[in-house]
Each structure stands twice: as structure tokens, then as C-alpha cells.
1. Considering only residues that are over 24 Å from residue 109 (Cα atoms), open to solvent by less than 40 Å² (accessible area, probe 1.4 Å) and touching a residue at least 40 places away in the same chain (Cβ under 8 Å), which ones fall in segment 127-155?
2. So, in segment 161-180, exactly how many residues are farther than 12 Å from residue 23 by Cα and either surrounded by 19 or more Cβ atoms within 10 Å (Cβ to Cβ) or in contact with a helix residue (DSSP H, G or I) (Cβ under 8 Å, 6 or more places away or on another chain) (or both)?
3. Kindly establish whether residue 214 is β-branched (Val, Ile, Thr), at pLDDT 85 or above and in contact with a helix residue (DSSP H, G or I) (Cβ under 6 Å, 6 or more places away or on another chain).
4. From 122, 158, which residue is of a type outside the set (Ser, Thr, Tyr), open to solvent by less than 30 Å² (accessible area, probe 1.4 Å), farther than 19 Å from residue 218 by Cβ and at pLDDT below 80?
5. Could you tell me whether segment 263-275 includes any residue that is modelled with pLDDT of 75 or more and open to solvent by 70 Å² or more (accessible area, probe 1.4 Å)?
6. How many residues does segment 21-54 contain that are open to solvent by 30 Å² or more (accessible area, probe 1.4 Å), in a loop (DSSP other than H, G, I, E, B) and either within 22 Å of residue 154 (Cβ to Cβ) or at pLDDT below 80 (or both)?
7. Please work out which one of (1) under 29 Å from residue 94 (Cα atoms); (2) touching a residue at least 24 places away in the same chain (Cβ under 8 Å); (3) open to solvent by 40 Å² or more (accessible area, probe 1.4 Å) is the condition residue 211 fails and give its number.
Amino acid sequence: MKFRDNLLHLRQQRNMTQEQLAMLLGVSRQSVAKWEAGQSTPEVDKLMRMADLFECSLDELVSEDLSGRAVRAAEILPSDAKPQDTCGYDRHFRSFSLSVATGTAIIIASAALAVLCEALLPWNHNLPGVVVLICVAVGIVVIVPAGIEHGAFNRNHPFVEDFYTEGERDAVRRSFTRGLAGGIGLILLGCAIAGAFDNTPLENFAGCGLLLAIAAGVWLIVRFGILYWASRVDNYNKERSDEIEEQSDPLLGPVCGIIMLAATIVGLTMLWVDGHPDSDNIFWIAWPIGGILCAIAALVLKIRRNARR
């Protein structure tokens, strides 16, 4: 019981909340609560970080009585102190949203470039496919490292104290509203232009413009949508809490991998195999459909997990 009593005393002496300690240690608030209640024991690396934080030895923290140890005034947090972004949460999500939005837009724009190549160089049947593969590869190179870094951030910071002010949240909301409206507007504008030049000599160029408009619109929606979601820190904490509780579903990764692999095969087949006359213009739709199927698969697996409880 020494550790539990020491932890509670040392935290309270510093006027530190469970949330603040959890964020400093890279654990959930529930973990700190369980430690203080004696329901679980932290791992050795967390004990060592606590010993450094509270300026004591590991043995003192675990087995000795630290209730009489004085705390320096500099270590006591002001009761009205504004929460700080100590883990770089805002910077991380700005970088992550930019990478995901840009990579996604590049992949969509690959279809526009393929259509443009087909219109300008109709005798070169291989060039559109090569352009698509190059652009998709570039998009993946942009997205995958960002996804890996995001996963590491989630693991290292399962809880983040909400540091956004109401004014900052309102600013993010306004940016999202403008981004959403602008994205939808670009997509509708592209549809209008494509429709105006349908069945004309400029049809392919209009189709290229439509796909570029979709790429730009998706960039706006994804970029500001992620930032808006992240500004509601409760969303982040709830998602991390659900992941810890459910230990994530081992089937989700393989299932989504198979779906996206199948989508890639279907898309490339539509691009290269002669068939329906419009198949090489709509091959790109295989990837958005794959993404939708992945979301459906995640929902089905979650329902399955809940049914087993």
C-alpha cells in the first residue's frame, strides 16, 4: 500500500490532477485512478518516470513512506493554471491532417492526369497507367509515414488534457465550416463544368477539371475535418480509451488490407483491360469504395465485439 499512498500524496502535494499526471506519463487518466485505488500497478518504466518527476528514488516511491517529505514551492502547480499543450498535440494534428489531405488529393488527382494524358496523347496507351501508378506511389509515400507517426503518437499519449480555449475551438469550427463549404462548392463547380462540355471535343479536358476539383475539394474537407475533430479533445480521449478497453480488433487490419488490395486490383483492371468504354475514366472510384467498405467492416466488427460482451 506504500506506493498507492505515496502516489496520491505526492500528486496532491503538487496540486496536480490525475489528468495532468496521466499526460506527463503518457497513460490514460483511468490508469492513474486505478494505481491510486490499488487496483493495478504501473510498469517499471512508468515507475521510473514517476520517480524522476517526484524527485525520489524508485525504492522510496514503492516501499517507503514519503508523506513527510516537503515539497518545494516551485513544484506546486497554481490551482488556476491554464492547461498547456505539453505533448505537442496541436502541432501533431496540423502535420497529420496536412499529410493525409495532401496524399489523398494526389491520389485523386492521378486520375485527372491520366485523363489528360489520354486526351493529349491518345496513341500512348501505357502512359495513363504509368502516371497513375507514380501518383498513387507519391500519395502513399506522403500518407503512410504520417499514419505511422500518428499511431506512435496515439500509443505514447493515450490521454491529453483539453487545453483549447473556447475562442480557439470557435476559430477551428469556422475554418471547418469554410473548408467544408469550399470543398463542396469546388466539387459542384467541377460537376457543372463537366456537364456543360459533355459530348463535346472538350469532354476529356472537362473531366480532368472535374477530377482536379474533386481533389481540391477533398483536400479542404479532409484537412479541416481532421483539425475540427482534433479540437474536440474529448473525441481523442474517448477513442484512445475505447482502443485500450477493446485492445483493438486483430481482424480489422487484415480485413481492411484485403479490401484495399482487392480495390487496387479492380481499379487497375478497369484501367488496363478493354471493356466498357467508360471504364478507364472511372477506374479511380474503386479506392473510395474500398475505403467505404473498410469503414463498414470496422462497424461490423465493433458490433460483433459488443455482442460478445
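1. 150, 153, 154 - these are the residues of segment 127-155 that are over 24 Å from residue 109 (Cα atoms), open to solvent by less than 40 Å² (accessible area, probe 1.4 Å) and touching a residue at least 40 places away in the same chain (Cβ under 8 Å).
2. So the count comes out to 10.
3. When the stated conditions are applied, residue 214 passes them.
4. On inspection, the qualifying residue turns out to be 158.
5. yes
6. 2
7. Only one criterion is unmet by residue 211, namely (3).
The values are calculated or read from the model by the stated rules, or taken from the named source; none is laboratory data. The shown structure was predicted, so the numbers you read here are calculated from the model rather than taken from an experiment. Cβ: placed from backbone, ideal geometry, glycine included. Neighbour counts: every protein chain shown. Only protein heavy atoms, including side chains, enter the accessible area calculation; ligands, DNA and RNA are left aside. Shrake-Rupley method; radii C 1.70, N 1.55, O 1.52, S 1.80 Å.
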